[in-house]
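Quick note: the coordinates plus some simple rules give every number you see, no bench work behind them. Keep in mind it's a predicted model, so treat the numbers as computed, not measured. Reconstructed Cβ throughout: ideal geometry from the backbone, glycine too, with neighbour counts over all protein chains shown.
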Amino acid sequence: QKEVEQNSGPLSVPEGAIASLNCTYSDRGSQSFFWYRQYSGKSPELIMSIYSNGDKEDGRFTAQLNKASQYVSLLIRDSQPSDSATYLCAVNKGFGNEKLTFGTGTRLTIIP
Amino acid sequence: EPEVTQTPSHQVTQMGQEVILRCVPISNHLYFYWYRQILGQKVEFLVSFYNNEISEKSEIFDDQFSVERPDGSNFTLKIRSTKLEDSAMYFCASSRDRQETQYFGPGTRLLVL
């Protein structure tokens, strides 16, 4: 089982619609969860961090965490063409571990 | 807004040569990291560095790799004898604390011929 799993896509969403990105992780003790956006040839750019169960909203983005189901998601409302990118889910195990374990990413395309 | 910087942006080298990749982390950050991303693959952790020593490293980070903080601002990754499979994008990152957000630099694209 992969440590962090994401559907690789591509996921195509019409402009203005909601894009839903999902991620599951295998280590039940994981503590910190991050969504990064990566444009082709560029570095990961932080979108959201989430540490406790529930929803966290920041502008058009909402991260959702369910530790019991080992599931974290990202919703993008009012999708814009500039949101077209690869979205990376990253997990930190905590308890003295510092590394981020990344999923393979979901490629999102917003269709004008 | 403070950001992580990396030099060079691109590096081409011959197999067996040594390369040094340089990073300037965000100034008040205490934890520094190197990751790599082979083309088309996921971002992989190499090493973390805190208080002038390695705090965690992956299986990828073998004896060919070393890290150093030669002064108060720079953080370097050295690959002693490059292999073809070292060709990748190398990202430096930094964070204020252990489990806080890691901010990534723009990367160095390394090509080993």
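Each 5 Å bin from 0 upward holds the following percent of the Cα-Cα pairs of segment B:30-113: 3, 14, 26, 27, 18, 8, 3, 0.
For the options B:82, B:101, B:13, a Gaussian network treatment of chain B with springs between C-alpha atoms closer than 10 Å singles out B:101 as fluctuating the most. Simple point charges give the picture: +1 on the Cβ of Lys and Arg, -1 on the Cβ of Asp and Glu, and for chain B a dipole about the Cα centre of about 200 debye. Projecting the Cα atoms of B:24, B:40, B:77 onto the charge dipole of chain B, computed from C-beta unit charges around the Cα centre, puts B:40 farthest toward the positive end.
With a 10 Å cut-off around each Cβ of A:86-92, the average count of Cβ atoms from other chains is 2.
In this Cβ point-charge picture (+1 for Lys and Arg, -1 for Asp and Glu), chain A has a dipole of about 220 debye about its Cα centre. Projected onto its three principal axes, the C-alpha set of the protein assembly as shown covers 49, 38, 38 Å, listed from the longest axis down.
For the segment B:95-107, counting C-beta atoms of other chains within 10 Å of every residue's C-beta and taking the mean gives 5. Rounded to the nearest Hz, the phi-derived 3J(HN,Hα) couplings of segment A:27-44 under the Karplus curve 6.51 cos²θ - 1.76 cosθ + 1.60 (θ = phi - 60°) are 8, 4, x, 4, 10, 10, 9, 9, 10, 10, 10, 10, 7, 4, x, 10, 8, x, where x marks glycine and proline. Since only A:90, A:111, A:101 are under comparison, the one whose Cα sits farthest along the positive direction of the charge dipole of segment A:1-111, derived from C-beta charges on Lys, Arg, Asp and Glu, is A:101.
Per-residue mean of foreign Cβ neighbours for A:99-106 is 6 (Cβ atoms of other chains, 10 Å radius). If only the Cβ of Lys and Arg carry +1 and only the Cβ of Asp and Glu carry -1, the dipole of the protein assembly as shown around its Cα centre is close to 220 debye.
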